[in-house]
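Here the structure comes first, spelled out in C-alpha cells, and everything after it is commentary.
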C-alpha cells in the first residue's frame with residue numbers, strides 16, 4: 001500500500017473518533033434533553049366529527065299470475081319434456097334488472113308424473129319453475145285458490161322441485177316446520193321478508209291437520225306473522241290473493257285488508273286473483289310512512305281471452321335503508337309500472353310476453369292507445385307512480 005495513503009487514512013480515523021467522543025460528552029452534559037426534544041411524540045388531538053350516515057337500497061320487481069292453461073303447456077312441449085323459456089325471452093331483461101323479482105305462480109307445479117291438467121283443476125309442468133328461474137325470478141307465491149286443486153301430493157312435488165332449482169316459494173308448504181321457516185331475502189345489506197295468503201281454495205277443503213299446505217287469509221294470523229317478521233327484517237312484502245275476478249277496481253275488502261296490514265307493518269302489498277290490472281296506491285300509516293299497494297297485477301302468462309286479461313305489468317319499487325348513529329330509517333319510493341302483453345296467435349300457439357308498447361308488432365294494432373289507457377287506469381288513485389314503456 002502507498003505509504004502516503006496509509007498515513008492519510010490513519011489521520012482521518014483518529015479525527016472521526018475524536019469528534020465522536022466530543023459529541024457523546026455534549027449529549028451527556030445536556031442529560032439527553034435535546035434528544036427528548038427530537039423524539040418526543042405529540043399528544044393526540046381528537047376532533048369531533050359529525051355522525052356518519054350510510055344509505056343503501058334495492059329494487060323490487062313483481063309480476064302477476066302465471067296461469068298455465070293446456071294451450072300454454074302444449075305450446076311448450078318438446079321431444080324431451082317442456083321448455084317455457086322462449087315465452088319469457090322478450091321480457092326477461094326487465095325481470096333480471098331488479099335486485100329481487102317476485103311472481104305469482106297461480107297453477108301448482110305438481111309435474112307430469114301426476115298428470116297435467118287445466119281449468120278448473122290445474123296442474124302444471126315443473127319446467128315452468130325452471131323458466132321463471134332463468135328469467136330472473138327469485139321468489140314465487142303459491143298461495144291461491146288453485147293451490148290444492150290436485151291435492152297434497154301436487155304441493156309436495158312443487159315445493160320439492162322449487163327447492164331443487166333454488167327458487168324460493170311462500171304461501172304453501174310441505175309441513176309445519178317448512179311453514180315456520182321465514183322467507184327472507186338479503187340483498188345490498190337489506191333484508192326483505194315475504195308472506196303470502198289466499199281468500200280460499202275454490203271450495204276444496206284443506207286436509208285436517210295440514211293447514212300448512214296453503215295460507216288462508218285470517219286477519220289476526222297475518223298480523224302476528226308480520227310482527228314476527230318485523231324483528232328479523234327491514235321490509236315486509238305481503239302477497240294477497242283477493243278481490244273479484246275481472247273487476248278493474250278493488251273492492252272494500254281489498255282496501256280494508258291493505259290498510260290494516262300496512263298499518264301493522266307491511267311495506268308492500270302485491271295483489272292477485274282478478275286476472276286484470278287494478279290501480280296502485282300509497283297508504284299513509286299511523287306512523288307517517290307511505291306504504292305501497294298494487295291491488296292486482298293481472299295475468300302475466302295465460303291463455304285467457306280478452307285484451308284486458310292479456311295486459312299485465314311489471315311493477316317496481318325502491319326499498320331504501322338509511323343508518324344514522326342512533327336511528328335506522330326505511331323508505332319505499334320510486335314506484336314504476338311497465339305494462340306487458342301476453343301474445344298468442346289465432347291457434348293459441350307461439351306464446352310470448354312482450355312490452356305492451358311493442359305489441360303492435362304482435363298483431364295488437366292499437367297498442368299505443370291501450371298503453372295510454374293502462375297508464376290512466378293504473379294512476380286512478382295516485383299520480384305518484386310512473387308508467388314506463390321499459391324498465392331500466
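The values are calculated or read from the model by the stated rules, or taken from the named source; none is laboratory data. Bear in mind that the values here come from a model prediction, so they are computed numbers and not experimental data. Neighbour counts are summed over all protein chains in view; Cβ atoms, including those assigned to glycine, are modelled from backbone coordinates with ideal geometry.
Residues checked against (1) in contact with a helix residue (DSSP H, G or I) (Cβ under 6 Å, 6 or more places away or on another chain); (2) part of a strand (DSSP E or B); (3) under 19 Å from residue 65 (Cα atoms):
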| position | (1), (2), (3) |
| --- | --- |
| 244 | no, no, yes |
| 247 | no, no, yes |
| 261 | no, no, no |
| 270 | no, yes, yes |
| 294 | no, yes, yes |
| 303 | yes, no, yes |
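Report, by residue number, each residue of segment 165-181 that is under 19 Å from residue 68 (Cβ atoms) and either in contact with a helix residue (DSSP H, G or I) (Cβ under 8 Å, 6 or more places away or on another chain) or surrounded by fewer than 16 Cβ atoms within 10 Å (Cβ to Cβ) (or both).
Within segment 165-181, 165, 167, 169, 172 meet the criteria.
Considering only segment 170-194, how many residues are within 24 Å of residue 227 (Cβ to Cβ) and under 12 Å from the mean Cα position of the chain (by Cα)? Talk me through it step by step, then tell me what you get.
Residues of segment 170-194 that are within 24 Å of residue 227 (Cβ to Cβ), as a first pass: 170-173, 175-187, 189-194.
Still in the running and under 12 Å from the mean Cα position of the chain (by Cα): 183-187, 190-194.
So the answer is 10.
Could you tell me whether residue 200 is under 15 Å from the mean Cα position of the chain (by Cα), touching a residue at least 12 places away in the same chain (Cβ under 8 Å) and surrounded by fewer than 17 Cβ atoms within 10 Å (Cβ to Cβ)? Even if it seems obvious, please write down each step before you answer.
Details: under 15 Å from the mean Cα position of the chain (by Cα): no; touching a residue at least 12 places away in the same chain (Cβ under 8 Å): yes; surrounded by fewer than 17 Cβ atoms within 10 Å (Cβ to Cβ): yes.
When the stated conditions are applied, residue 200 does not pass them.
Let's see how each residue does on (1) outside any helix (DSSP H, G or I); (2) modelled with pLDDT of 95 or more; (3) in contact with a helix residue (DSSP H, G or I) (Cβ under 9 Å, 6 or more places away or on another chain); (4) under 28 Å from residue 192 (Cβ atoms):
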{"site": "314", "(1), (2), (3), (4)": "yes, yes, yes, yes"}
{"site": "322", "(1), (2), (3), (4)": "yes, yes, no, yes"}
{"site": "325", "(1), (2), (3), (4)": "yes, no, no, yes"}
{"site": "332", "(1), (2), (3), (4)": "yes, yes, no, yes"}
{"site": "342", "(1), (2), (3), (4)": "yes, yes, yes, yes"}
{"site": "348", "(1), (2), (3), (4)": "yes, yes, yes, no"}
{"site": "354", "(1), (2), (3), (4)": "yes, yes, yes, no"}
{"site": "360", "(1), (2), (3), (4)": "no, yes, yes, no"}
{"site": "374", "(1), (2), (3), (4)": "no, yes, yes, yes"}
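Is it the case, given these coordinates, that residue 155 is in contact with a helix residue (DSSP H, G or I) (Cβ under 9 Å, 6 or more places away or on another chain) and not in a helix (DSSP H, G or I)? Full working, then the answer.
Working: in contact with a helix residue (DSSP H, G or I) (Cβ under 9 Å, 6 or more places away or on another chain): yes; not in a helix (DSSP H, G or I): no.
So residue 155 does not fit the description; no.
Which one of the conditions (1) under 16 Å from the mean Cα position of the chain (by Cα); (2) part of a loop (DSSP other than H, G, I, E, B); (3) within 24 Å of residue 68 (Cβ to Cβ) does residue 266 fail to meet, given that it meets all the rest?
(3)
So in segment 92-140, with the set limited to residues that are within 17 Å of the chain's Cα centre (by Cα) and in a loop (DSSP other than H, G, I, E, B), which one is surrounded by the most Cβ atoms within 10 Å (Cβ to Cβ)?
Here the residue is 137.
Considering only segment 281-329, state which residues are within 30 Å of residue 362 (Cβ to Cβ) and surrounded by fewer than 15 Cβ atoms within 10 Å (Cβ to Cβ).
305, 306, 307
List every residue pair whose Cβ atoms sit under 6 Å apart, with the two residues 6 or more apart in sequence or on different chains, where the first one lies in segment 216-244 and is within 24 Å of residue 148 (Cβ to Cβ) and the second, anywhere, is at pLDDT 95 or above and assigned to a helix (DSSP H, G or I).
Matching pairs, first to second residue: 238/261; 242/254; 243/254.
Restricted to segment 51-67, and to residues that are in contact with a strand residue (DSSP E or B) (Cβ under 8 Å, 6 or more places away or on another chain) and not in a strand (DSSP E or B), which residue is surrounded by the most Cβ atoms within 10 Å (Cβ to Cβ)? Spell out how you get there, then give the answer.
Narrowing segment 51-67 to residues in contact with a strand residue (DSSP E or B) (Cβ under 8 Å, 6 or more places away or on another chain): 53-67.
Cutting the leftovers down to not in a strand (DSSP E or B) gives us 53, 67.
Values: 53: 11, 67: 26.
Per the stated criteria, the residue is 67.
What do you reckon, is residue 207 exposed (fewer than 14 other Cβ atoms within 10 Å of the Cβ), at pLDDT 95 or above and either assigned to a helix (DSSP H, G or I) or in contact with a helix residue (DSSP H, G or I) (Cβ under 8 Å, 6 or more places away or on another chain) (or both)? Even if it seems obvious, please write down each step before you answer.
Values: exposed (fewer than 14 other Cβ atoms within 10 Å of the Cβ): yes; at pLDDT 95 or above: yes; either assigned to a helix (DSSP H, G or I) or in contact with a helix residue (DSSP H, G or I) (Cβ under 8 Å, 6 or more places away or on another chain) (or both): yes.
Judged against the criteria, residue 207 is a match.
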